[in-house]
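Chemist: So that we are looking at the same thing, I have put the structure below in C-alpha cells.
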Amino acid sequence: MEQTTFFTLGQRVHSSTDPRRVGTVKFVGNVEGYSGIWVGVDWDNEGDGKHDGSINGVRYFQGRSQNSASFLRPQNLSPGISLLQALKLRYQSHSTEQDEDEMYVLSASNKRVSVQLLGKDKIQDKLSRFEELTSASISYLGVSTPGDPAEISASVPNLKELDLMGNLIMDWKDVGTICEQLPHLVALNLSNNLMTQNMTGLPLLKAIRVLVLNSTGINWSQVEILEHSLPVIEELHLMGNNISSIKPTSSSTVQGFDFLRLLNLEDNCLAEWDEILKLSQMKSLEQLYLNKNKLTCIFYPDKIQEVLSNHESCEESYFPFQNLRCLLLGSNEINDLASIDSLNTFPKLIDIRLSDNPIADPARGGLPRFVLIARLAKVEMLNGSEISARERKESEIRYVRLVMSKLLDNPEEINRLHPRFVELKNFYGIEDERPLVGAAGPQKMASGLLSITLKCVASSVGEKLPLTKKLPATTTVGKLKALCENFFKLKSLKLKLFLQEEGSPLPMLLDDEMATLMDMGIGNESTIIVDEES
C-alpha cells in the first residue's frame, strides 16, 4: 500500500465518533480549494457519505455509489485498536454515571424508573478476569491488529469462541496470529471485515471448527486455499460475498473438507445448479443453505459419472450429496415441477425450504403446501414447519383427489405430471370415480360429504361462532360463498374465502368460483376462513 502521512491507501478505518461507520481509505492529500491534508474514504454502507469521490468537478477517487464517499480530516478517523485493547474496553471498563442514568424504563405515567441489574458486579467481575473467559464478543470496536501475540495467549488462554464481526481486520496473517495464540479457539466470526485477496502465509488453524466469513469479500478460489488450513472445519458460513461460481482447483468437484457438515452460501449470486453439483462429493455435508440466490432449477444426476467425469475410480467416489439432510432453497427463482420431484432422489434429504420461489407460491400460481408435501415423499420439515403424520396423510389424500378431479380421463398425462399419483392412490385405496347415468343424464358419483369448519372474520359484522357443515365435495367456491351468506347472514357483503392449512403461515385464497372443493384439494375436516373484500 502507498504510504502518505498518517493513513495509507486501502487501509480500513472507522469514524472517530462511530466505530460502526467503517470504510476504506481511497485518497490522502490536498483537496483543491481547501487547506491541509484530507483523507478520502469510501464507506461500506451506502448513504454514509456525501458524494462519489469527486468535489467541485475534480475527481479524486471513484466511490462505490453516488453517496458512499467523504473527505475527512485525519483526526476525525481512527485506524483502530488491538485485539487486547478491545477486550479490555468491552470487559474491563466500568459503566459511567452517564451509562447508569441511561439504564431506565418508562412507567405507565411516562416517567423514568431507574433499572438496577441484580448481580451485575459479580458478572462484571467474572468477565473482567480474562483467564476465565471462554467466549468473547468484540464486534464493531475497530479492531485492526492482533497486538502483541504473547500478550494474547497470556491474557485469554481459555478462549473458545471469538466474535470479531464488523472490525477493521484485513490481513489473513493477522487471523493466523490470533488463532495460533488461542489454542482452544474453535469458533471465529470475521463477518463484515473486508479481507485481502492475498492468503500467503496463513498457518494451520488446527482447532477451528466454526468459521463465519459473511460479507468479507471472499471468493471460492480463496475458500479452496482455506481448506488446507482448516483440517477439522465443521461449519463454514459464506453469506453475502457475491459468489457466482464454484471453481475447484484440482478436480471437477470440490475435494477435502472431510468433516464439513454445514455450508452456508445464502445471499450470493449462484444461478446454475451445475455449480452446486460441484459440492456433491463433500461426504460429510449434511446442511446446505442456498437461500437468496438466483437458482432456477434443481436436479439430481442420473449417474455418478455425470458429476465425477474426472475421477478414474468410482471406488474413491461417493453418491452425490450422500449425507445431505437439509437443503434451504428459499427466495430463489425455481418454477418447475421437475425440480420439486427431483428432491425425492436425494438419498437422505428430509428438511427443505422452498418458500418465496414461484413454484411454491400459490399467489403466483405455484403449488400450495399440501401438494408440495404429497410430491415430496421423504420430507419431514417443509419451510421450517414440521410435517406431522396426520398432515402428510391428509395432504396426500387431498392431492390424489385433486389429480383425479382434473385428469382422471388422461392416465398418460397423470403419469407424466404426477409421478407419485399411482403409488399414493393404491396406498390409500382410493377408488376411481365412475360416471353414472340417471334421469338427468350422465353424472359423476359424489365423492362423499366433507366436514368443513367455517370461520367468519368479517370485521363489519363482529365476532361469530365457527360453524361445521357437511358439504358435498362437488360444491363450488361460488356456491360455498352463497351458503356462507345464509349461514352467517352476510347478504350485503362481498365475500372472499381462504383455506387455512396446517403448517402454512398464510391461508390460501380460493379465487376460482367455478372450482369445486375437490378441485381445490380440500379434504375432510378442513377449515375455511370467511372474510369480506376490503
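The values are calculated or read from the model by the stated rules, or taken from the named source; none is laboratory data. Model, not experiment: these values are computed from the prediction. Glycine also receives a Cβ, built like all others from the backbone with ideal geometry; neighbour counts cover every protein chain displayed. The accessibility values were calculated without ligands, DNA or RNA, using every heavy atom of the protein model including side chains. Shrake-Rupley method; radii C 1.70, N 1.55, O 1.52, S 1.80 Å.
Chemist: Positive end of the charge dipole of the chain (Lys, Arg +1 and Asp, Glu -1 on Cβ, about the Cα centre): tell me which of 476, 189, 335 has its Cα farthest that way.
Modeler: It is 476, whose Cα lies furthest towards the positive end.
Chemist: Which whole-number percent is the relative contact order of the stretch 449-532 (Cα, under 8 Å, 6+ apart)?
Modeler: 42
Chemist: So, one more: So, with +1 on the Cβ of K and R and -1 on the Cβ of D and E, and no other charges, what is the size of the charge dipole of the chain about its Cα centre, to the nearest 20 debye?
Modeler: So the dipole magnitude of the chain works out to roughly 1340 debye.
Chemist: Now a separate question. Collect residues whose amide H, placed 1.01 Å from N in the peptide plane, falls under 5 Å from the amide H of residue 145; neighbours closer than 5 in sequence don't count.
Modeler: It is 81, 83, by chain and number.
Chemist: So, for the stretch 449-532, what is the accessible surface per residue at a probe of 1.4 Å, expressed in square angstrom?
Modeler: Using a 1.4 Å probe on heavy atoms only, each residue of the stretch 449-532 averages 52 Å².
Chemist: Using the crude model of +1 on Lys and Arg Cβ and -1 on Asp and Glu Cβ, and no other charge, please compute the dipole size for the stretch 11-78 relative to its Cα centre, in debye to 20.
Modeler: Charge dipole of the stretch 11-78: 100 debye, to the nearest 20.
Chemist: Let me ask something additional. If each residue of separation counts as 0.36 nm, what is the full-extension length gain between residue 525 and residue 283 once their alpha-carbon separation is subtracted?
Modeler: 82.7 nm
Chemist: Here's another thing I want to ask about it. Express in nm, to one decimal, how much length is gained between residue 92 and residue 489 on full extension, taking 0.36 nm for each residue of separation and deducting their alpha carbon distance.
Modeler: Using 0.36 nm per residue and subtracting the Cα-Cα distance, I get 136.0 nm.
Chemist: Residue 470 to residue 255: FRET efficiency via 1/(1 + (r/R0)^6), r the Cβ-Cβ distance, R0 56 Å, to the nearest 0.05?
Modeler: E(calc), rounded to 0.05, equals 0.35.
Chemist: Per-residue HN-Hα couplings for the stretch 515-531, Karplus 6.51 cos²θ - 1.76 cosθ + 1.60 at θ = phi - 60°, whole Hz, x for Gly and Pro?
Modeler: 6, 8, 4, 5, 4, 7, x, 7, x, 5, 6, 7, 10, 10, 8, 9, 10
Chemist: Between residue 137 and residue 150, 0.36 nm times their residue separation minus their Cα-Cα distance comes to what?
Modeler: Taking residue 137 through residue 150 to full extension adds about 2.6 nm, to one decimal.
Chemist: If you don't mind, there's one more thing I want to ask. Counting DSSP beta bridges in the chain, what percent are antiparallel, to the nearest 5?
Modeler: If I count the DSSP bridges inside the chain, around 60 percent turn out antiparallel.
Chemist: If you count only protein heavy atoms with a 1.4 Å probe, what accessible area per residue comes out for the stretch 11-78, rounded to a whole Å²?
Modeler: Ligands and nucleic acids excluded, the figure is 50 Å² per residue.
Chemist: Taking 51 Å as R0, compute the FRET efficiency from the Cβ-Cβ separation of residue 158 and residue 390 and round it to 0.05.
Modeler: Calculated value: 0.55.
Chemist: Answer with one residue from 133, 347, 526: the one whose Cα lies farthest towards the positive end of the charge dipole of the chain, charges on Cβ with Lys, Arg +1 and Asp, Glu -1.
Modeler: Of 133, 347, 526, it is 526.
Chemist: Turning to a different aspect of this structure: Can you figure out the FRET efficiency of residue 380 with residue 336, using R₀ = 25 Å and their beta-carbon distance, to the nearest 0.05?
Modeler: Calculated value: 0.60.
Chemist: So who's got an amide H within less than 5 Å of the one on residue 50, skipping anything under 5 residues away but keeping other chains? H placed 1.01 Å off N, in plane.
Modeler: Amide H to amide H, under 5 Å and 5 or more residues apart or across chains, residue 50 pairs with 69, 70.
Chemist: Taking the Cα centre of the chain as the origin and placing charges on Cβ (Lys, Arg +1; Asp, Glu -1), which of 175, 204, 430 is farthest toward the positive end of the dipole?
Modeler: Of the candidates, 430 comes out farthest on the positive side.
Chemist: Scattering from the C-alpha atoms of the stretch 187-304 alone, worked out with Debye: what is log10 I(q)/I(0) at q = 0.17 1/Å?
Modeler: With one equal scatterer per Cα and no solvent, log10 I(q)/I(0) is -0.84.
Chemist: Let me ask something else. Inverting the mean 1/r over all pairs of different Cα atoms, compute the Kirkwood radius of the stretch 449-532 and quote it in Å.
Modeler: 12.8
Chemist: Still on this model: Which three lengths, in whole Å and largest first, does the chain cover when its Cα atoms are put on their principal axes?
Modeler: The Cα atoms of the chain stretch 100, 77, 58 Å along the principal axes, largest first.
Chemist: Taking all protein chains as present, what is the carbon and sulfur share of the accessible area of the chain, in % to the nearest whole number, probe 1.4 Å?
Modeler: 50
Chemist: Give the peptides 40-48, 411-419, 376-384 in descending order of average Cβ contacts within 10 Å, highest first.
Modeler: 40-48, 376-384, 411-419
Chemist: Please state the charge dipole magnitude for the stretch 449-532, taken about the Cα centre, from unit charges on C-beta atoms (+1 on K and R, -1 on D and E), reported in debye and rounded to the nearest 20.
Modeler: Using only the charged Cβ atoms, the result is roughly 440 debye.
Chemist: If you don't mind, there's one more thing I want to ask. Along the Cα→Cβ direction, 7 angstrom out, place labels at residue 271 and residue 34. What is the inter-label distance in nm?
Modeler: 4.0
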